[in-house]
Amino acid sequence: MNAAKTSETSDRAFINNSQATREAGRAQANRDELTERISQAMHQDGTIESLKGVHFNRISSPSEACHSVSTPAFCVIAQGSKEVLLGSDRYQYDPMHYLLATAELPVISQILDASSAQPYLSLRLDLDPTLVGSVMVEAGYPSAQKGANVKAIDVSPLDANLLDAVVRLVRLLDSPTEAPVLAPLIKREIIYRLLTGAQGHRLRQIAVLSGYTHHIARAVDRLRQDFNQPLRIEDIARELGMSVSGFHHHFKSVTAMSPLQFQKQLRLQEARRLMLGQNLDATTAAYQVGYDDASHFNREYKRLFGAPPMRDVERLREAARETASSI
């Protein structure tokens, strides 16, 4: 009897090991195919929208820290690695992991692993909260727990089934007549697999607009629209039906920064954009984004970007000229 049980246990272990080996082989084949397809679609560094809501990115060398605003998206790396900083929280991911962002927040990102021989290659799928909600209803998923706080960004292992759906979506580049019909179906599958995966709770919080995450989403929208106006925490908290201390606590739980830090990053990023894109001087840009004191603006700008405003802008322009001349 014991011998029979031992044999059964050994057979089960052998089957499990064989399945794990096949799964790992399938995942590696998919990673290789994803790398090849993005490489074929992009022969130069940059970003393209290969299908509606699907963006490819290629970079041939490690990058400096880049300041931007995240969008609700599912992000996969085919080759290389990247780090994203949200407030004081750091998230690093690679071809074995995916990043899920569920709100528009000021972030700092940096390409860590890239070269001309093996460039950084990635895919970003924009997430429509309405579509996420539709998939939730169809799948019969309950709403997120009320009152819960969920960070707007996180990284998780990329399982074989989710990666397989990503590769099938990218294959549609070769089938332009099929893409309009099949792409929406595969996007729904990707969202479904995200909902059933490690970060399903994060996706559900944003999709159903429940709990304090909904209140913070409203506050984020308000701050983004009125970033150049004086920040009145008491007014925002009152509109959301929250105490000032409660608003501070829940805002930081979701965004990893205080409302004041959030507004400051938005102002400084917009000032940088104005100086680069509209050739404004630092003082004019500072006043346009809401600063009353130019010297205060210069200090905060240098603290965030590592150099005074005009020196930083000139450095960015020089880097852009060098990139353009090398293409």
**Report entry** Residue that is among the polar types (S, T, N, Q) and farther than 28 Å from residue 46 by Cα, where the choices are 177, 130
**Finding:** 130
Query raised in the report: Is there a residue being over 17 Å from residue 71 (Cα atoms), surrounded by fewer than 17 Cβ atoms within 10 Å (Cβ to Cβ) and not charged (D, E, K, R) anywhere in segment 124-135?
Result: yes
Requested in this report: Any residue in segment 266-281 that's in contact (Cβ under 8 Å) with a residue 24 or more places away in the chain: show its pairings with residues that are outside any helix (DSSP H, G or I) at Cβ separation under 6 Å, as long as the two are six or more apart or on different chains.
Outcome: 266/106; 266/227; 267/227; 267/289; 267/290; 269/67; 270/289; 271/289
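Give the residues of segment 38-64 that are buried (at least 16 other Cβ atoms within 10 Å of the Cβ) and among the polar types (S, T, N, Q), sorted by residue number.
We begin by selecting, within segment 38-64, every residue buried (at least 16 other Cβ atoms within 10 Å of the Cβ); these are 38-39, 42, 45, 50-51, 53-60.
Those that are buried (at least 16 other Cβ atoms within 10 Å of the Cβ) and among the polar types (S, T, N, Q): 39, 50, 57, 60.
Considering segment 47-81 alone, what residues qualify as being within 14 Å of the chain's Cα centre (by Cα), within 27 Å of residue 183 (Cα to Cα) and of a type outside the set (A, V, I, L, M)?
Step one: of segment 47-81, the residues within 14 Å of the chain's Cα centre (by Cα) are 53-57, 66-77, 81.
If we keep only those that are within 27 Å of residue 183 (Cα to Cα) as well, we get 53-57, 69-77, 81.
Selection gives 53, 55, 56, 57, 70, 71, 72, 74, 75, 81.
Answer yes or no: is there a residue in segment 247-262 that is in a loop (DSSP other than H, G, I, E, B), of a type outside the set (A, V, I, L, M, F, W, C) and in contact (Cβ under 8 Å) with a residue 60 or more places away in the chain.
Restricting attention to segment 247-262, the residues satisfying the condition of being in a loop (DSSP other than H, G, I, E, B) are 256-258.
Then drop every residue that is not of a type outside the set (A, V, I, L, M, F, W, C), which leaves 258.
After this cut, where a residue has to be in contact (Cβ under 8 Å) with a residue 60 or more places away in the chain as well, the list is none.
No, every residue in segment 247-262 fails to be in a loop (DSSP other than H, G, I, E, B), of a type outside the set (A, V, I, L, M, F, W, C) and in contact (Cβ under 8 Å) with a residue 60 or more places away in the chain.
Looking only at helices (runs of 4 or more DSSP H) that lie completely in segment 162-225, which have at least 2 residues being at pLDDT below 90 and surrounded by 19 or more Cβ atoms within 10 Å (Cβ to Cβ)?
200-208, 211-225
Hey, could you check segment 120-132 for residues that are closer than 25 Å to residue 91 by Cβ and not in a strand (DSSP E or B) and say which is modelled with the highest pLDDT?
Restricting attention to segment 120-132, the residues satisfying the condition of being closer than 25 Å to residue 91 by Cβ are 120-129, 131-132.
Checking the rest, the ones that are also not in a strand (DSSP E or B) come to 127-129, 131-132.
Numbers: 127: 92, 128: 86, 129: 81, 131: 86, 132: 86.
Checking each candidate, the answer is 127.
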Query raised in the report: Does segment 231-245 include one or more residues that are over 27 Å from residue 97 (Cα atoms), among the β-branched types (Val, Ile, Thr) and surrounded by fewer than 20 Cβ atoms within 10 Å (Cβ to Cβ)?
Result: yes
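The values are calculated or read from the model by the stated rules, or taken from the named source; none is laboratory data. A quick note: this is a predicted structure, and the numbers were derived from the prediction, not measured. Here the Cβ is made from the backbone with ideal geometry for all residues, glycine too, and neighbour counts use every protein chain on show.
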